[in-house]
Amino acid sequence: MREKAWKRVSAGFLAAVLAVGVTACSGGSNATSAASATTPQASEAASSASASSELGETGAKITLWGSGDDQKMLKEMAAAFEKLHADKNYKVTVNVQDEDKAQAAILKDIDAAADVFCVPHDQLGALVEANACYPNTVFAEEVKANDDANAVQASTYKDTLYGYPRSVQSIFLFYNKSVLSQDDVKTMEGMLKKAKAAGKQVGWDMGNNYNTAPFYFANGVKLFGDKGLDVNGSTFNSPEALAVAKYISTLKSQGLKNINDGDVVKLLKDGSVVAQATGSWKAQEYKKALGDNYAVAKLPTINIDGTDKQIVSFAGYTLYLVNAHTKYPQASMQLAEYLTNEENQIKAFKDRGVIPANLKAQSDSSVTSDETVAAQLEQAKTSIPMPSLTQMTNFWSDSSMAYTKDIFEGKIKEAEMQTKLNAWNDLLKSSVKK
């Protein structure tokens, strides 16, 4: 999913969930969390974990939501799942619901939503708060053992694991290898120096926190604490953040160009820009623009107060979740687990280019042989899961986005940086307007 979709979903729908609140769950003001509201079912599912042959409700009719582009693949997976559990006589119906719009449809009517659906992981907190998610009571240990640590964290909300990780996404570096070498792109300073000497520029979207927050993370700045769950845990007002702000204020004069990943395509083609940080959603366009000069790498280091610091990107995950109101929690959990097993994550990569979250699938030769995927997975090793708190709406707001852009453009001078960073940090922890 594109980084703009993550931003759009967070800013548009996370605020809306506050109006839905816990009353979205059947039972009105007496509604409790999914974990307690479905205690009899959850207990039954948990007790069945050690007896997999008995797991699942016979004759379960499960609805699965997936994107329009995934329909053929999902129907093939659903048919194989039905065959695998022929003794239970499952029936899976696959319907179209794009991931970045799923949350709105779910919150509109949880009872009418699919039994199993796929969403970006930063929607998890809002969906749990609306009592829309059934805890992963059966396959939690499999997720913890088979997926990378960030995927596990992204699937967890308030110490309860809900999700079944499907894919991973992060930004990384695309560059023109006729101008920049593999050594040049290891550091921001080396890359900018080489590009400037050639009369070229390096691109970066300095108006999007998805792309600029990683500069701060490189120097240890926190967004909602260590695990992204502490409303008061952001440190964008810290000395570490101020050091990054001062660094960012120097980049424009060194040849960094503020440009988004769409507008840069023509500049990559004409050669005036020789690198851009973005995600795999732009790979095909950039390959066409750069031709034989196409190359990729993990993000560079930046030099903060004389020390090289590796840029730490966001890791975004898509998750399958089970509806808390499903009539068939066991069968639905089985389906979510099946869709995200090693075999099906490899199939999703081959069929649809979906980059797996499963560790064994990531190491499959069909995945590692793709240079673009390999660069993204290398960057994912130095990344943090995007927080799922509703306060992420504040992080994606226009005023929040403006702080780093204005520092880069020189509109915020060094003498006022600390005051601006204090205001930014206060904004991040403020209540989200309904």
Among G163, Y175, S363, whose Cα projects farthest towards the positive end of the dipole of the chain, with charges put on the beta-carbon of Lys, Arg (+1) and Asp, Glu (-1)? Y175
Could you tell me the convex hull volume per residue, in Å³, taken over the Cα atoms of the stretch 313-434? 161
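Among DSSP beta bridges lying fully in the chain, give the percent that are antiparallel, nearest 5.
Numbers: 28 of 44 bridges.
Around 65 percent antiparallel, to the nearest 5.
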Whose amide H sits under 5 Å from the amide H of Q201, counting only residues 5 or more places off or on another chain, with H placed in the peptide plane? V273, V274
If amide H atoms are built 1.01 Å from N in the plane of the peptide, which residues on other chains or at least 5 residues away come under 5 Å of the amide H of M206? I259
One computes Rg over Rh for the chain from alpha-carbon atoms, with the Kirkwood Rh, and obtains 0.99
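List the DSSP H helices in the chain whose Cα atoms stretch 20 Å or more along the helix axis and whose mean Kyte-Doolittle hydropathy is at least -0.5.
Both cut-offs are met by 3-20.
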Restricting the calculation to Cα positions, tell me the Rg (one decimal) and the Dmax (whole number) of the stretch 179-272 in Å. 15.4, 46
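Kirkwood Rh, Cα Rg: Rg to Rh for the stretch 135-230?
On the way: Rg = 18.8 Å, Rh = 16.6 Å.
With Rh from the inverse mean 1/r over Cα pairs, Rg/Rh is 1.13.
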Per-residue [θ]222 nm for the chain (sum of -39500 (n - 2.57) over DSSP H runs n ≥ 4, rounded to 500): -12500 deg cm²/dmol
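In which sequence would D351, D147 go, from the one with the fewest C-beta neighbours within 10 Å to the one with the most?
Values: D351 16, D147 28.
Ranking D351, D147 by Cβ neighbours within 10 Å, fewest first, gives D351, D147.
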For a quick check of your reading of the filter: which trypsin sites (Lys or Arg not before Pro) in the stretch 371-414 sit in a DSSP loop and have no more than 15 other Cβ atoms within 10 Å? K381, K411, K413
Given Cβ charges of +1 for Lys and Arg and -1 for Asp and Glu, the option among V244, Y328, T340 whose Cα lies farthest towards the positive end of the dipole of the chain is V244
Taking H as built 1.01 Å from N, whose amide H comes closer than 5 Å to the amide H of I384, not counting residues under 5 places away? S313, F314, A315
Mind giving me the nanometre distance, one decimal, between the label points for K108 and S181, set 7 Å out from Cα along Cα→Cβ? 5.6
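A short reminder: the numbers here are calculations on the coordinates, not readings from a lab. Since the structure is predicted, the reported quantities are computational estimates derived from the model, not experimental observations. Glycine also receives a Cβ, built like all others from the backbone with ideal geometry; neighbour counts cover every protein chain displayed.
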